[in-house]
Every structure is written in C-alpha cells, then in structure tokens.
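As structure tokens, the structure follows; a few thoughts come after it.
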C-alpha cells in the first residue's frame with residue numbers, strides 16, 4: 001500500500017505541479033523495498049544536473065568504520081561521514097594532490113564542494129541523491145559486483161594446457177593429471193580480464209563459429225574457453241588453439257599471457 005501511495009504521489013506531483021527532484025525522491029522514501037543504507041561503491045552519474053559519467057567519478061562508503069573514499073576526477077579523496085535518517089554530513093575530507101587537465105580539475109572542485117555542502121540524502125532503487133536545502137547536488141548508482149571465473153583448455157595428442165583464473169587465484173597445468181602450478185591473481189590482472197570480458201556478450205559464447213577447424217584432424221590443439229558469470233557457465237565451441245574467434249581473441253591472449261608468468 002505504501003508503494004502504491006508513493007507512485008501515485010509521484011504521478012500527481014509530476015502532472016500537476018511540476019515537482020522538484022527533491023519532492024520526487026522524498027516520495028520514494030515511502031517504498032520499504034528501497035535499501036536506505038550506505039555501503040559499498042557508487043558511480044556518480046550526475047553533478048549539478050550535468051551528466052558526468054565519462055569522468056568515472058565514484059564514492060565508496062564503509063558502514064562499519066563510517067569511512068568514505070573515492071575518485072573525484074583527478075585525485076583520490078577520503079574522509080568520514082555521519083548518517084542520521086536523511087541527514088548526511090561528510091567530515092575531514094582530504095585528497096591526494098596530483099595535477100590534471102582543466103576539465104578534470106574543474107569537475108573535481110565541483111564534486112568536493114558538493115560533498116562538503118551536502119546535508120540530505122534520499123534513496124531510490126538504483127542508488128541515492130544528495131541535496132543541500134532541497135537543491136539537488138549529485139546522483140549516484142550502486143556498482144554491482146561482477147564475479148567472473150575463466151577456464152581455458154587446449155589439448156591434442158602431444159599437447160595439454162589448462163588455465164583457471166578467478167579473482168584470487170591462477171592455476172596452470174601443462175600435463176593431464178598433474179598438480180597444477182598456482183599463484184595469487186593480482187588485482188591488476190583480474191581487472192584486465194574483466195575489462196576484456198565486458199566487451200563481449202558472454203551469453204553468446206556458445207554461438208561463436210570457430211574461424212578454422214584444423215583441430216578436427218589433429219592439425220592444431222583443440223581449445224575451449226569457459227566463462228562463469230555470477231554462477232552461470234558459458235562455453236565456446238571447439239576452436240583451434242592460437243586461432244580463436246575475433247570476439248574473444250584479446251581475452252584469450254590475455255589469459256595465456258597471465259599464465260606464462262607462473263609456468
């Protein structure tokens with residue numbers, strides 16, 4: 001019932017009196033399904049009614065320590081915050097001191113000033129908006145965690161390679177049945193794989209036609225790539241080792257490159 005009242009309030013406000021963003025957001029606070037807590041990382045998409053997505057601004061809250069940090073366009077910032085219902089205040093904000101181009105410096109100055117002057121936070125289903133005396137300062141959306149595991153296998157009569165990579169570990173085996181060599185997966189290596197994976201449609205992996213099929217008559221090792229995305233596994237068709245579909249070529253190359261460092 002509260003949710004229905006909230007929706008009707010938004011419709012009435014929009015149709016009849018041209019509501020402010022503050023009025024619209026405040027109506028949504030009646031919706032009990034909206035999570036009204038700060039924790040994790042949020043991407044700042046709007047600053048003073050301007051789209052700032054291209055600057056990749058973000059802010060991370062730790063609800064246990066009440067610490068806050070993020071990227072402000074040029075530098076990293078850090079500090080603390082207090083939250084009491086809809087009242088929000090940032091304290092002791094500081095930042096690193098790198099020098100950047102004028103556009104990045106300008107955005108950074110605007111963002112830090114907005115954080116320092118904010119006194120109200122209102123939530124929606126995607127994230128939150130900050131206000132000063134009912135004037136919109138910025139909006140942000142929650143960054144959902146992407147969990148990807150990668151497995152690459154190539155084999156023939158005289159060749160075998162199996163590579164498994166997840167967020168924490170790299171496992172490489174060059175012989176069937178042998179204990180794989182292992183190493184810690186660095187954050188930089190894992191993030192590189194994530195970036196390559198974002199450029200492909202993971203659920204379309206099974207539909208990628210191999211550019212060559214020499215593996216069918218032992219002309220090349222038979223290879224497959226598996227990607228597990230948030231619990232669901234997608235597997236390519238068999239393809240020639242060294243000649244993957246162009247869609248996954250960069251990702252496969254990076255997987256092989258990472259594995260070389262622990263063999």
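Of all residues in the range 212-231, which are under 21 Å from residue 194 (Cβ atoms) and out of contact with any helix residue (DSSP H, G or I) (no Cβ under 8 Å at 6 or more places or on another chain)?
Pass one, the range 212-231, residues under 21 Å from residue 194 (Cβ atoms): 224-231.
Within the range 212-231, 224, 226, 228, 230, 231 meet the criteria.
Could you please let me know if residue 24 is within 15 Å of residue 139 (Cα to Cα), touching a helix residue (DSSP H, G or I) at 6+ places or on another chain (Cβ under 7 Å) and either at pLDDT 95 or above or in the same structural domain as residue 97 (by TED's automatic domain parsing) (or both)?
Details: within 15 Å of residue 139 (Cα to Cα): yes; touching a helix residue (DSSP H, G or I) at 6+ places or on another chain (Cβ under 7 Å): yes; either at pLDDT 95 or above or in the same structural domain as residue 97 (by TED's automatic domain parsing) (or both): no.
For residue 24, the condition - within 15 Å of residue 139 (Cα to Cα), touching a helix residue (DSSP H, G or I) at 6+ places or on another chain (Cβ under 7 Å) and either at pLDDT 95 or above or in the same structural domain as residue 97 (by TED's automatic domain parsing) (or both) - is not met.
Within the range 130-145, is even one residue surrounded by 16 or more Cβ atoms within 10 Å (Cβ to Cβ) and more than 19 Å from residue 50 (Cβ to Cβ)? Can you show your working first?
Start the filter on the range 130-145 by keeping residues that are surrounded by 16 or more Cβ atoms within 10 Å (Cβ to Cβ), which leaves 130-131, 136-142.
Checking which are more than 19 Å from residue 50 (Cβ to Cβ) leaves us with 142.
Checking the range 130-145: at least one residue is surrounded by 16 or more Cβ atoms within 10 Å (Cβ to Cβ) and more than 19 Å from residue 50 (Cβ to Cβ).
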* Asked: Just a yes or no: is a residue in the range 192-199 free of Cβ contacts under 8 Å to residues at least 24 places away in the same chain, surrounded by 11 or more Cβ atoms within 10 Å (Cβ to Cβ), assigned by TED's automatic domain parsing to the domain that holds residue 255 and in contact with a strand residue (DSSP E or B) (Cβ under 8 Å, 6 or more places away or on another chain)?
  -> no
* Which members of the range 200-228 meet the condition of being in contact with a strand residue (DSSP E or B) (Cβ under 7 Å, 6 or more places away or on another chain), farther than 15 Å from residue 151 by Cα and surrounded by 17 or more Cβ atoms within 10 Å (Cβ to Cβ)? -> 210, 215, 220, 221
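For the range 154-168, give me the residue count where each residue is surrounded by fewer than 18 Cβ atoms within 10 Å (Cβ to Cβ) and either within 16 Å of residue 227 (Cβ to Cβ) or not assigned by TED's automatic domain parsing to the domain that holds residue 252 (or both).
Our first condition is that a residue be surrounded by fewer than 18 Cβ atoms within 10 Å (Cβ to Cβ); within the range 154-168, this holds for 155-160, 166-168.
From what's left, either within 16 Å of residue 227 (Cβ to Cβ) or not assigned by TED's automatic domain parsing to the domain that holds residue 252 (or both): 166-167.
Final tally of qualifying residues: 2.
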* Might you check whether a residue that is on the phi > 0 side of the Ramachandran plot, free of Cβ contacts under 8 Å to residues at least 24 places away in the same chain and not in a loop (DSSP other than H, G, I, E, B) occurs anywhere in the range 82-102? => yes
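Take the residues in the range 33-51 that are part of a loop (DSSP other than H, G, I, E, B) and within 20 Å of residue 87 (Cβ to Cβ), then tell me which one is nearest to the chain's Cα centre (by Cα). It would help to see each step written out before you state the result.
Initial filter on the range 33-51 (part of a loop (DSSP other than H, G, I, E, B)): 33-39, 48-49.
Keeping just the survivors that are within 20 Å of residue 87 (Cβ to Cβ) gives 34-39.
On the way: 34: 21, 35: 19, 36: 21, 37: 19, 38: 17, 39: 15 Å.
Step by step, filter the range 33-51, then rank; the result is 39.
The values are calculated or read from the model by the stated rules, or taken from the named source; none is laboratory data. Source: prediction; values computed, not measured. Counting neighbours? That spans all protein chains shown, and the Cβs are built from the backbone with ideal geometry, glycine included.
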